[in-house]
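Working notes for the structure below.
Since every read-out is calculated from the coordinates, none of them should be taken as a lab result. Just so it is clear, the structure is predicted and the values come from calculations on it, not from any experiment. Cβ placement follows ideal geometry from the backbone for every residue including glycine, while neighbour counts extend to all protein chains displayed.
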Amino acid sequence: MSELRFEGVTVRYGATTAVDDVSLVVPPGSVVGLVGESGSGKSTLARAAVGLAPVCAGLITVGGAPVPSRGRRPLQMVFQDPYSSLDPRMSIGESVAEAMPRGAGRAERRAEVARLLELVHLDPTRAAARPAELSGGQRQRVALARALAGRPQVVIADEITSALDVSIQGAVLNLVRELQRELGLSILFISHNLAVVRYVATHVAVMRDGRIVEEGATDRVLAAPDHDYTRELLAAVPGLSTPTRSPR
Amino acid sequence: MKRWMSVLRTPVGLTATVLSIGVLVLAVVAPLLWTDNADAIDTDDILAGPSAQHWAGTDNLGRDIFYRTLVATRLSVELALAATVIAVVVGLLIGTAPYLLGRRPGRVVLAGTNIAVAFPGILLALFFAVIFGVGAKGAVLAIGFAGAPTFGRLTQTLVAGISSRDFVAAAHVAGVPRLRILFRHVLPNVSEPLVVNATIGAGAALLSFAGLSFLGLGVQQPAYDWGRLLFDGIGSIYVNPAAALAPGIAVLVAGLAFNLFGESVAKGLGVGVVGGIPALPPSPEALEADAPAAEQAHGSGTDLVLDVRDLEVAFPGPTGPIRPVRGVSFSVRRGEALGIVGESGSGKSLTALAVSRLVEAPGRVDAARLDLLGSDLRVEETKAQRRLLGTSLAMVFQDPMTSFNPTRRMGGQLAEGARHHQGLDRASALARAVDRMRAVRISEPERRAHQYPHEFSGGMRQRAMIGMGLMGSPALIVADEPTTALDVTVQQQVLDLLAAIRAAEDVALVLISHDVTVVGEVCDRVLVMYAGKIVEDLPAADLAATARHPYTRALVAAVPDMDTDLDAPLAVIPGRPVDPADVPAGCAFAARCPLATARCHAEEPPLEADGTGRRVACWHAGEPIDLEVDGSLLGRDEREEVEAR
Ligand SMILES: Nc1ncnc2c1ncn2[C@@H]1O[C@H](COP(=O)(O)OP(=O)(O)O)[C@@H](O)[C@H]1O
Ligand code: SF4
Ligand SMILES: [Mg+2]
């Protein structure tokens, strides 16, 4: 278990400041939700953490050590679109194996791939399948398995359910919660869906125009928001008046 | 491999393949068989015309031009291939440099390439010919280097396209070194278009060689290629035209063969060829000045904007037609908001495309009725109909990435339709574009209007596209998953915007979404689609409390909301959606349905209306479901999804 910490992080693309002096902590073994409208800088912050966006100022650390910008990283990321995050020409087993630490033998790697696929509830005998043979939900599970293959202490999940049908969103969210509990991961969970964040995250940070405008325990922020923008977000949650749900 | 074989099935593809193979075979065997015939000097018979003995006549030493042309195949093809290899290798180096070197040095390489590409190839070749000297070696280098920039730029574009994909980012994050990523992920995914373009390049190189040799800058005596033969033949063209004609035809046939082969492979594989312009989907546009068309229909007494009966969309499949939409009937009244929900693959988008006449061949649309504002959309497309569609129907697409031209500023792209259809001048069209961009809550619309699509985040691009759909004032807006990638606040604003327009201008809205909450919020009425059919049609207000179809009820229960129990796993719909190529008998939902009985598996339930106008297709509509949301059900679902492959 390790802590993910952003300290005064700023990311600029030319004249646009996508992330502006953001400080945020994901405590060890916890799930922090990051919400905000598109363009508010959520993805950019995530990409900065894994070295895919240029950090102009500030520091990003995992377990107190700065994140290396090349080579193996102690944190992994799961992307929004499971249709573009897997190489269409590689079998899913190869994709997962590629992210594993080097040095293990062939048999060992195969066993590890099988274990990881099993972990995300995929049939390990399908390791040779290409992504095209899988449904969106199954691909997103492969993407999760690949992230876990790097033995990360921290996982960043960027809108991992928003490209999925509602009928499989639930299954992926259930899986995220299960994995987090079993492996004690620290997770930064990015989503624009407050109901989804409420379901998986104990803490939530609200981002707007590249800045964090509010953060705190999820139930507190959702019940008694401090910032106007958070209130606006809450008011905008589309909802059915009386949800049907089994009493249990 | 199957796709490669399909190339052979077109007449042009087959001809080109046969010709190309013929040329290559000739290149191998001709010098072995006929070198003696070609080199035989016969001083008694110089500069003779075609005869039974010498089909294409003889040259100034009495050598047989026909045989010389055959034998020259090898050198010509060899030189062309060598030049192509140089072009490809140098092109690959140039093309992958920006990726390997990073942003700044990459930009320098890019700029250099752009300048080089702008020069006409033959000029570059002449320039290099002067540098490398006259002769075969010089010509190979010249043509190779002259071809490199074009190929380099193609590689750059392809590599940039692939390297922006998430799987490359994922490999980076996994710590895979750049060079390895290039060879494992990037190059394999761009290899098809590269190979195809290299083939076409070989054809071009062949022609260039002929050109250089013809100018006397290529192959020198005593060696000869087709260009050299052409050069010699032209000298005696008045004595024996065949002497120039034979090598000329050879160049033409071989060049054409390679070119056509490449082109047809490109076509068969769906690969772009350099210089090709990506097709843009038709821009949704509408027209204020043409409102009378709508008025007319309105005046004709009917309140229906859209009336669809028994709509079917079919595509040819390997074992008979596949029907992703199977008999859909619904209508939309003026000012009404109709939602269509269902999982991906249920036929929602195809229904929308059929209504907009955007289903492309080989897809087929059939319907008992398909009326937009009283005009039959099934008849042959006429000018009046295009106008009607263009002016009264606005389509907002799901995918914002492919809907904009990457090389043009956003403001101009929005303004274009308005200029064209509403006759606005440049300035007012742009002003309206900015206004619409503001309306869809794009911050600083004046500045943003001057930006290019890639400078917008995904969400903003989507908002801009909705703004584009709202440039005119349509009678019907068909929005296909318009807010799927948007966050709640923007989603709300967009939905509010659609609602405001609907109220103010009495526009009907068909909103397609997989998110039942969005549809429930915005629409008056909701159609639930499953496996190409409507399974339930009900007022949106009844979705949460009194939906009667098990599928509708499962969709509602599968989304977490602000009251979801945090300690229990979410409800999931077991199994997978139906594959339209393999629709089971009976109720299509039976395999996933908690209420399914033997009758469900045998008989398909009809869509039946009750007294209140609600429709539902289910044998057990409204019967209680015991939604067991606990570990055991979850475990079963997980297994089923895996087993269902
Ligand atoms: N590659 C890029 N070049 C220029 N601007 C960018 C780039 N990526 C993101 N931006 C800008 O950064 C801002 C934040 O974008 P993003 O992080 O994608 O938002 P979110 O993840 O919240 O949807 C936007 O204003 C966007 O225009
Ligand atoms: S007809 Fe039967 S299988 Fe189909 S939805 Fe109704 S109960 Fe389920
Ligand atoms: Mg984002």
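Note on B:Ser51 and B:Ala427: their simple-model spin labels are 8.2 nm apart, each label 7 Å out from Cα toward Cβ. Against the compact-protein benchmark of 2.2 N^0.38 Å, the Cα-based radius of gyration of segment B:112-236 scales to 1.39. Only one residue of B:Pro11, B:Leu245, B:Ser513 has its Cα farthest out toward the positive end of the dipole of the protein assembly as shown, where Lys and Arg carry +1 and Asp and Glu -1 on Cβ, and that residue is B:Leu245. Note on segment B:160-234 and segment B:37-102: Cα centroid distance 20 Å, given to the nearest whole angstrom.
The fewest-to-most ranking of A:His227, B:His54 by surrounding Cβ atoms within 10 Å reads A:His227, B:His54.
Report the percentage of all Cα-Cα pairs in segment B:1-85 whose separation exceeds 23 Å, rounded to a whole percent. The answer is 42 percent, as a whole percent.
Compute for segment A:85-237: radius of gyration divided by Kirkwood radius, i.e. Rg/Rh, restricted to C-alpha atoms, rounded to two decimals. Ratio of gyration radius to Kirkwood radius: 1.04.
Among B:Lys348, B:Lys267, B:Lys137, the ranking by other beta carbons within 10 Å of each residue's beta carbon, starting with the fewest, stands as B:Lys137, B:Lys267, B:Lys348. Note on the protein assembly as shown: Cα-only Rg and Dmax are 32.1, 109 Å. Please report the spacing between the Cα centers of segment B:307-343 and segment B:422-446 in Å, no decimals. Measuring centre to centre over Cα atoms gives 34 Å. Entry note, segment B:2-268: relative contact order of 24 percent, from Cα contacts under 8 Å with a spacing of 6+ residues.
Note that segment A:157-234, at 10 °C in a medium of 1.306 mPa s, gets a Stokes-Einstein diffusion coefficient of 119 µm²/s from its Kirkwood radius over C-alpha pairs.
Between the helical axis of A:136-149 and the longest alpha-carbon principal axis of chain A there is an angle of about 80 degrees.
Compute the length gained on full extension between B:Arg364 and B:Ala581: take 0.36 nm times their separation in residues and subtract their Cα-Cα distance, giving the result in nm to one decimal.
76.6 nm
Summarise the long-distance tail of P(r) for segment A:13-151 by giving the % of C-alpha pairs beyond 17 Å.
So the pairs more than 17 Å apart make up 65 percent of the total in segment A:13-151.
This ranking places B:Trp55, B:Trp34, B:Trp226 by how few other beta-carbon atoms lie within 10 Å of each, fewest first, which gives B:Trp55, B:Trp34, B:Trp226. Within segment B:2-268, the ratio Rg/Rh, alpha carbon atoms throughout and Rh by Kirkwood, equals 1.07.
Taking the DSSP beta bridges with both ends in the protein assembly as shown, the antiparallel portion is around 60 percent.
Relative to the current alpha-carbon distance between B:Arg447 and B:Val253, full extension at 0.36 nm per residue lengthens the span by 64.4 nm. Each residue of segment A:175-185 was assigned a 3J(HN,Hα) from its phi angle through the Karplus curve 6.51 cos²θ - 1.76 cosθ + 1.60 (θ = phi - 60°); the sequence is 5, 4, 5, 5, 5, 4, 5, 6, 9, x, 6 Hz, with glycine and proline shown as x.
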